[in-house]
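Structure record follows, encoded as structure tokens.
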Amino acid sequence: MCGIVGFTGRREAAPVLLQGLARLEYRGYDSSGLITGTGDSLHLRKKAGRLAELAKEVAARPAPGCYGISHTRWATHGGATDRNAHPHTDTAGDIALVHNGVIENYSTLKHQLQEDGVEFRSDTDTEVLAHLIAHYYDGDLLEAVKNALALVKGTYGIAVVSRKEPGVLVGARLGSPLVLGIGPDGNYLASDASALAGYATQVVYLNDRQICQLDPEAWVIRNQDLDTVDAPVQDIEHFLGDGDADRGDFPHYMLKEIYEQPETLANAMRGRLDEPDATAHFGGLNLTSHELRQIDRIILTACGTSYHAGIVGEYLFEELARIPAEVEYASEFRYRNPPIDRHTLVFAITQSGETADTLAALRESKRMGHTTLAICNVVGSSIAREACGGVYLHAGPEVGVASTKAFTSQVAVLAMLALYFGRTRHLSATQGARIIEELRALPEIVRKTLGCHPRVKEVARKYYTARNFLYLGRQYLYPAALEGALKLKEISYIHAEGYPAAEMKHGPIALVDENTPSVFLCPKGSVFDKVMSNMQEIKARRGPVIAVCSEGDREVAAVADDVIPVPDVPEYLQPIVTAIPLQLLAYEIALLCGCDVDKPRNLAKSVTVE
Ligand code: G6P
């Protein structure tokens, strides 16, 4: 995780760095820092806490100079303190470095450096690298960085400066994203192109094991032997997403993103539904129809919310396309080495396109020779670039740490993919046409569903003091229950468990008492009666029940303590429609608990470490 911004050019660096960091705060926000240079002096400022603390510090003690590097941190090694914040320097203060990733062999390296008399001033893995670079430094920063990195095991995206080479920035990447920016005022480095919006006009993405060097006038990218490599220069516009990262009149990004869903769903489907052939189309799958028909198994791999979308995908591919499918946590899949047949297709599902485990799972399946496709939101992200093909969500930037609109768009894309795959197999034109009609109606239905907000607020007020929640659903609503529970945990810090409704009697029902509300997902569907029996089992144990149910459902209203009605949709779309009240419920409860909804404690939006 962590965000990196560097600049060298013809204007003051500190405002550029602070502005870039503000755009990267989603990558981590427990501390931040910057260092700028004038002549042969470096000016270091770093602070624990939110970026506002660093901005205050820089306002009180300006950091002058036209070049510098900066960082916003999500702690891995060492607590969130001033001294653990980046940049880190060597003992003499000649070299400064910011780092995203994990140096896995840092304790061995640290031990060796300590034996040579180096004294450490932080608890981080990163500081090792600053001392190592200083150890190799002999007037050529690029060479010193190259030599130091040769000793490192782990992952890194770094930006480095030396007091002795004013105006020069060196960057390198292995497993953590880094992009070089080119603009009228100078050159930039960042962990994400979005940090450079309004500054750089063009970008060059670094690949793993590449090192770059930039000054105000020029830049170069080299491989690990320091040979120059050609890298495509692209317009930054292409990578800034289709949406607006402004909060507008909404008090939080999360709420704005919840309310954007009618539009983001329409965007996910735009130009992809084909009425005449009763199927869906995708520009970038890069599969021939022959390859498509050969696929006899699908693996979906992802983390967090994207994993929950993956479970819906598993059900969709099996129901609509009759292709055996399974979903795997990327962190497990990457090390598990499961037997996979030749005609298996692997999907990596990810909002950010940078999640370290998902990226590693994608690489592992590519290495094994499988066609690996991405379902991704961020254009130009590592996973989008490395996959054999894929589908973009076009949901626009998602800033709230708790994923909302990306989830519903992922499910919509998976439904369209299942339709497409199904239509190359047994799914009839009539069935295909019906699905298209249902998908087309979805944005308007979701707009209507948002009307549940006042009701959700009442429910939140009644239950926000509970310390445990259960979320229960069956079939397509089982992953929806997992996702509802995750939302609540993430932003309100209340313990919540998602469970298949029938499975709770094998354990979790022991948790039920008058203080433990159960959120039942029970709109009308094929297992409605079964879910009603499960609800009775909870009521029989005096557990309060909040039911997300079909509009006008009297049977549910007679049993549940509180109901949140939602419009009826076919079962495979219920995870999208029920997501709306569950997202709003988590949001309202978190507000009542006084939590920071957009930046919950301990989390980060994009998890680029293992
Ligand atoms: C983090 C975020 C989650 C997200 C997960 C996977 O944990 O806080 O909201 O679901 O990463 O992220 P991805 O970008 O791969 O979908």
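The values are calculated or read from the model by the stated rules, or taken from the named source; none is laboratory data. Computed from a predicted model, the values in this text were never measured in an experiment. For neighbour counting, all protein chains shown are included, and Cβ atoms are generated from backbone atoms with ideal geometry for every residue, glycine included.
Results, tabulated for the structure shown:
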| quantity | calculated |
| --- | --- |
| Subset of segment 361-389 (residues that are surrounded by fewer than 20 Cβ atoms within 10 Å (Cβ to Cβ) and within 15 Å of the ligand (Cβ to nearest atom)) | 363, 379, 385, 386 |
| Residues being assigned to a helix (DSSP H, G or I) and more than 28 Å from residue 399 (Cβ to Cβ) - total across segment 485-528 | 11 |
| Selection count where residues are acidic (Asp, Glu) and in the same structural domain as residue 347 (by TED's automatic domain parsing), scope segment 395-444 | 1 |
| Selection status of residue 244, of a type in the set (D, E, K, R), assigned by TED's automatic domain parsing to the domain that holds residue 65 and modelled with pLDDT under 95 | no |
| Odd one out for residue 531 among (1) assigned to a loop (DSSP other than H, G, I, E, B); (2) more than 16 Å from the ligand (Cβ to nearest atom); (3) surrounded by 23 or more Cβ atoms within 10 Å (Cβ to Cβ) | (1) |
| Residue ranges of strands (runs of 3 or more DSSP E) in segment 1-65 with at least 3 members out of contact with any Pro (no Cβ under 8 Å at 6 or more places or on another chain) and surrounded by 22 or more Cβ atoms within 10 Å (Cβ to Cβ) | 3-9 |
| Selection from segment 120-148 of residues that are surrounded by fewer than 21 Cβ atoms within 10 Å (Cβ to Cβ) and assigned to a helix (DSSP H, G or I) | 135, 136, 142, 143, 146, 147 |
| Odd one out for residue 301 among (1) without any contact (Cβ under 8 Å) to a residue 24 or more places away in the chain; (2) β-branched (Val, Ile, Thr); (3) under 20 Å from residue 362 (Cα atoms) | (1) |
| Of all residues making up segment 464-482, the number that are out of contact with any strand residue (DSSP E or B) (no Cβ under 7 Å at 6 or more places or on another chain) and either in contact (Cβ under 8 Å) with a residue 40 or more places away in the chain or within 25 Å of residue 552 (Cβ to Cβ) (or both) | 5 |
| Positions within segment 577-610 being part of a helix (DSSP H, G or I) and away from the ligand (no atom under 16 Å from the Cβ), in sequence order | 577, 578, 580, 581, 584, 585, 588, 589, 591, 592 |
| Test: residue in segment 270-280 that is over 20 Å from residue 432 (Cα atoms) and aliphatic (A, V, I, L, M) | no |
| Condition broken by residue 400, with the remaining ones in (1) buried (at least 24 other Cβ atoms within 10 Å of the Cβ); (2) at pLDDT 95 or above; (3) not hydroxyl-bearing (Ser, Thr, Tyr) satisfied | (2) |
| Counted residues, segment 482-514 - those being under 26 Å from the mean Cα position of the chain (by Cα) and more than 16 Å from the ligand (Cβ to nearest atom) | 5 |
| Residue match in segment 541-553 (condition: assigned to a helix (DSSP H, G or I), among the hydrophobic types (A, V, I, L, M, F, W, C) and either farther than 25 Å from residue 251 by Cβ or more than 16 Å from the ligand (Cβ to nearest atom) (or both)) | no |
| Some residue of segment 565-580 being buried (at least 24 other Cβ atoms within 10 Å of the Cβ), of a type in the set (S, T, N, Q), under 25 Å from the mean Cα position of the chain (by Cα) and farther than 19 Å from residue 451 by Cβ | no |
| Candidates 428, 365, filtered to the one that is modelled with pLDDT under 95, hydroxyl-bearing (Ser, Thr, Tyr) and out of contact with any helix residue (DSSP H, G or I) (no Cβ under 7 Å at 6 or more places or on another chain) | 365 |
| Close pairs from segment 414-425: first assigned to a helix (DSSP H, G or I), partner β-branched (Val, Ile, Thr), Cβ under 6 Å, at least 6 apart | 419/435; 420/279; 423/279 |
| Segment 114-139, subset of a type in the set (D, E, K, R) and without any contact (Cβ under 8 Å) to a residue 24 or more places away in the chain, residue nearest to residue 34 (Cα to Cα) | 138 |
| Some residue of segment 403-412 being more than 9 Å from the ligand (Cβ to nearest atom), surrounded by fewer than 21 Cβ atoms within 10 Å (Cβ to Cβ) and either on the phi > 0 side of the Ramachandran plot or not basic (Lys, Arg) (or both) | no |
| Number of the condition not met by residue 288 [criteria: (1) without any contact (Cβ under 8 Å) to a residue 12 or more places away in the chain; (2) within 12 Å of residue 418 (Cβ to Cβ)] | (2) |
| Qualifying helices (runs of 4 or more DSSP H) (wholly inside segment 235-345; at least 1 residues being over 30 Å from residue 425 (Cβ atoms)) | 253-259, 261-269, 304-316, 330-336 |
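Yes or no, residue by residue, for (1) in contact with a helix residue (DSSP H, G or I) (Cβ under 9 Å, 6 or more places away or on another chain); (2) closer than 12 Å to residue 99 by Cα:
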{"site": "122", "(1), (2)": "no, no"}
{"site": "135", "(1), (2)": "yes, no"}
{"site": "141", "(1), (2)": "yes, no"}
{"site": "163", "(1), (2)": "no, no"}
{"site": "174", "(1), (2)": "yes, yes"}
{"site": "187", "(1), (2)": "no, no"}
{"site": "197", "(1), (2)": "yes, no"}
